[in-house]
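Here's the structure, in C-alpha cells; my notes come after.
The values are calculated or read from the model by the stated rules, or taken from the named source; none is laboratory data. Since this is a predicted model, take the numbers as computed values, not measurements. Cβ: placed from backbone, ideal geometry, glycine included. Neighbour counts: every protein chain shown.
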Amino acid sequence: MEQHKTYAELREELEARYPNSQAAGGVTVDDIIQLRIQNTYDTHLDIARDMASVMRADMAAYDADATKFTQSLGCWSGFHAQQMIKSVKRLNGTTKRTYVYLSGWMVAGLRNTWGHLPDQSMHEKTAVADLIREIYTSLRQADEVALNDLFKELKLATTEETRKAVIEKIDTFESHVVPIIADIDAGFGNEHATYLLAKELIKAGACCLQIENQVSDAKQCGHQDGKVTVPREDFIEKLRACRLAFEELGVDDGVIVARTDSLGAGLTQKVPVSAAPGDLASDYIKWLDTEQITEETPISEGELALYQDGEFVRPRRLPNGLFPFKPNTGRARVVEDCIASLSHGGADLLWIETDTPNVDEIAGMVNEIREKVPNAKLTYNNSPSFNWTLNLRKQVRDQWLEEGKIKEADYPAGNELMKADFDETELGLEADNRLRNFQFDISTKAGVFHNLITLPTFHLTAKSMDELSQGYFGEDKMLAYVSTVQRQEIRRGISAVKHQHEVGSDLGDTFKEMVGGERALKAGGAANTMNQFAAE
C-alpha cells in the first residue's frame, strides 16, 4: 500500500511553513493536516498503481499458502461496493484479500442508458469506466467520513494520553480502497479498441482487467449458448493491448485475467493461418469438425479445404459462415487456451467459465495446465447462473450411491431434490456443508486464487425489494420496513442507518467550520433526527 505521512510528520512539515499555525487567510494547520490525511489518494491512476501492488503481494502469498485466497462480490454501484467493504472491515478489522468485482453483465443490465440489456457488449463502453470511477469515489468518501469522525474524536480529547491513542488510530487507518477486477468483455472491438478502452479503465482506477476469448461482435454471456471464440493469436494480441495500456500509464504491476469460454463455446468465426505444424494456429485448427473429401463427397465451388494428417478435409461450415468444433473437445481446448494465454500472452491469472460448480472438474483442468505452467492460478466465477442447491445435492447423491451409502430410492434423482423437504435431511445438510467449504476446497485443490460472485447485488436488490414491497404494500405496512430493514440495521451495527452521516453531512459540517468558524451553518445540531440513533 502507498505510504502516507503520519500526523506528526505532517504537523512538523506544516509548522515549519506556518510558525503561527495559520496559513494565509486564516486557514489553520490543524485543518490542513486533516484534509491531507482524509485525501487518501490524489488520483485514481495512483489507486491503480497501488492496488496492482496489493494484488501482486496477494498472489505471492497464495503461491506460498493456498488457504490465503482472495474474494470479491460483483457491485453495480459505488454504494454497493462501499457497504460491502465497510461490512468486511467491521467483520474482520481489515480489508485484506477483499476485492470488488465489476461485472460487464451488470453494466449491461443495469448501468447503461439504453435500458436493461443482455450480456452481449451492446452497452456503451464508457459505462464501464464510469462505474469504476464511481466505486472509487464512494470508497474514498468512506475514508473521508471515517477519518473525519476520528478527527472529531481528537478535538474532544482532554488528555495527552487520549490524544496519542486517537492519533495512533489516524496513523494506522486502513483505507476502504481495494483492488477492482474490471470486466472488459471481449475488448469492445479490435486490438486497438481494446487498448484504448483498457487505458480508460486503468485511468479510472482498475489495476486488473479481465478479458475473454470470444468474438467482440458476437459476444455472449458465458452461461448462454451461441458463444464464438477467436483464434489464439487474435486473443494474445488483445492481451498484449492490455499490457501495453498498463505499461504506458506506469502501472507496472497491472494484472490481466485471461478468460476462456471454450468449455461451452462450440464455434469459431475464422480459420487461422498456420505457418508450421504445432504452432498456435494449427493447434486451434485441429479441433475443427471436418469431413473427408472423397469422390463420393467432392469439394464444391466456394468451399474451404484444409490439409491435415496427409489428406485434404472439408471443415463443416454453418449457414452463417461460422465453423463448429468437434463435439466434446471443449475441455482440451480450454487447457490449450490457458497455456497459450500464460505462455504467449503474458496473462497473470486464468478464468475458466464452467457450466456447473464442480471442484474435481476444475482441478483436473488446472492440473493439466500446471504441467506446462506450474504456478497457474485461477479467478473463478461462483456464478448465480448455477443452481447451487440442486448441483451440490446431486453431487452428494451421486457420490453416496457410488459408495453404497444410500439406495436409489432414498432420494429423488431430478429437480425434486430442490424441495425444502430435503433441507434438514442428511443429504441436504451435507450439501450445505460443501457449499460452506466450496471456496476453500476450490482454492486449495484447484488453484483458485480469487473467488467471486458476479451478480450478487443484482439478485440481492431484487430479493430485498420484493421482500419489502410484499410487506409494505401488503398487510404489515410500516412494520415491514422497520422489521426487515431499520431494526436489522441497528442491531447489526450497519452505519448506513444514520443515512445523513453516511453520505457526508458531518463531513460537510466540519468543512464549514474550517472556513467559517462560529458562522458555520451546520446540519448536525440538536434538531437533526439522526440523533435518535446516537446511542446505537
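Does at least one position in segment 55-63 carry a residue that is in contact with an Asp or Glu (Cβ under 9 Å, 6 or more places away or on another chain) and buried (at least 21 other Cβ atoms within 10 Å of the Cβ)? Scanning segment 55-63, I find at least one residue that is in contact with an Asp or Glu (Cβ under 9 Å, 6 or more places away or on another chain) and buried (at least 21 other Cβ atoms within 10 Å of the Cβ), so the answer is yes.
For (1) assigned to a helix (DSSP H, G or I); (2) in contact (Cβ under 8 Å) with a residue 12 or more places away in the chain; (3) acidic (D, E); (4) surrounded by fewer than 17 Cβ atoms within 10 Å (Cβ to Cβ), each residue gets a yes or a no:
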position: D283; (1), (2), (3), (4): yes, yes, yes, no
position: R317; (1), (2), (3), (4): no, yes, no, yes
position: G345; (1), (2), (3), (4): no, yes, no, no
position: T356; (1), (2), (3), (4): no, yes, no, yes
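Return yes when W105 is among the aromatic types (F, W, Y), within 18 Å of the chain's Cα centre (by Cα) and farther than 30 Å from V145 by Cα and no when it is not. For W105, the condition - among the aromatic types (F, W, Y), within 18 Å of the chain's Cα centre (by Cα) and farther than 30 Å from V145 by Cα - is met. Cβ-Cβ contacts under 6 Å between residues 6 or more apart (or on different chains), taken from a first residue in segment 174-189 that is within 20 Å of K5 (Cα to Cα) to a second residue that is of a type in the set (G, A, S), are listed as H176/A142.
Only a single item in (1) over 25 Å from E212 (Cα atoms); (2) free of Cβ contacts under 8 Å to residues at least 12 places away in the same chain; (3) assigned to a loop (DSSP other than H, G, I, E, B) is not met by Y307, and it is number (3). Exactly one residue among L249, L263 is in the same structural domain as L349 (by TED's automatic domain parsing), modelled with pLDDT of 95 or more and in contact with a helix residue (DSSP H, G or I) (Cβ under 9 Å, 6 or more places away or on another chain), and that residue is L249.
Being of a type in the set (D, E, K, R), at negative phi and in contact with a Cys (Cβ under 7 Å, 6 or more places away or on another chain) holds for only one residue in D119, D143, and it is D119.
Counting the residues of segment 94-129 that are surrounded by fewer than 16 Cβ atoms within 10 Å (Cβ to Cβ) and not in a loop (DSSP other than H, G, I, E, B) gives 1. Looking only at segment 394-422, which residues are surrounded by 12 or more Cβ atoms within 10 Å (Cβ to Cβ) and closer than 27 Å to N451 by Cα? K394, Q395, V396, R397, Q399, L417, M418, listed by residue number.
Filtering A496, A480 for residues that are in contact (Cβ under 8 Å) with a residue 60 or more places away in the chain and of a type outside the set (S, T, Y) leaves a single hit, A496. For V273, the conditions (1) among the β-branched types (V, I, T); (2) surrounded by fewer than 13 Cβ atoms within 10 Å (Cβ to Cβ); (3) more than 28 Å from M365 (Cα to Cα) all hold with the exception of (3). Going through segment 210-243 one residue at a time, which ones are within 22 Å of the chain's Cα centre (by Cα), assigned to a helix (DSSP H, G or I) and either outside the structural domain of V334 (by TED's automatic domain parsing) or at pLDDT below 95 (or both)? S216, the sole residue that qualifies. Only one of the numbered conditions (1) at pLDDT 95 or above; (2) surrounded by fewer than 18 Cβ atoms within 10 Å (Cβ to Cβ) is violated by Y472, and that is (1). The residues of segment 401-453 that are in a loop (DSSP other than H, G, I, E, B) and among the aliphatic types (A, V, I, L, M), listed by number, are I406, A413. For segment 55-83, taking the residues that are aliphatic (A, V, I, L, M) and without any contact (Cβ under 8 Å) to a residue 40 or more places away in the chain, the one that is nearest to A142 (Cα to Cα) is identified as A57.
For G525, the test of being assigned to a helix (DSSP H, G or I), more than 30 Å from N358 (Cβ to Cβ) and not aromatic (F, W, Y) is failed. The residues of segment 159-187 include none that are modelled with pLDDT under 95 and surrounded by fewer than 20 Cβ atoms within 10 Å (Cβ to Cβ). For segment 217-226, the criterion of being crowded, with 21+ Cβ neighbours inside 10 Å and of a type in the set (D, E) is met by none of the residues. D279 fulfils the conditions (1) charged (D, E, K, R); (2) touching a residue at least 12 places away in the same chain (Cβ under 8 Å); (3) assigned by TED's automatic domain parsing to the domain that holds I236 except for a single criterion, (2).
A single entry from T6, T40, T28 fulfils the requirement of being more than 18 Å from P179 (Cα to Cα), at pLDDT 90 or above, in contact with a helix residue (DSSP H, G or I) (Cβ under 7 Å, 6 or more places away or on another chain) and among the polar types (S, T, N, Q): T6. Answer with yes or no whether D398 is in the same structural domain as A57 (by TED's automatic domain parsing) and modelled with pLDDT of 95 or more. Spelling it out, D398 is indeed in the same structural domain as A57 (by TED's automatic domain parsing) and modelled with pLDDT of 95 or more.
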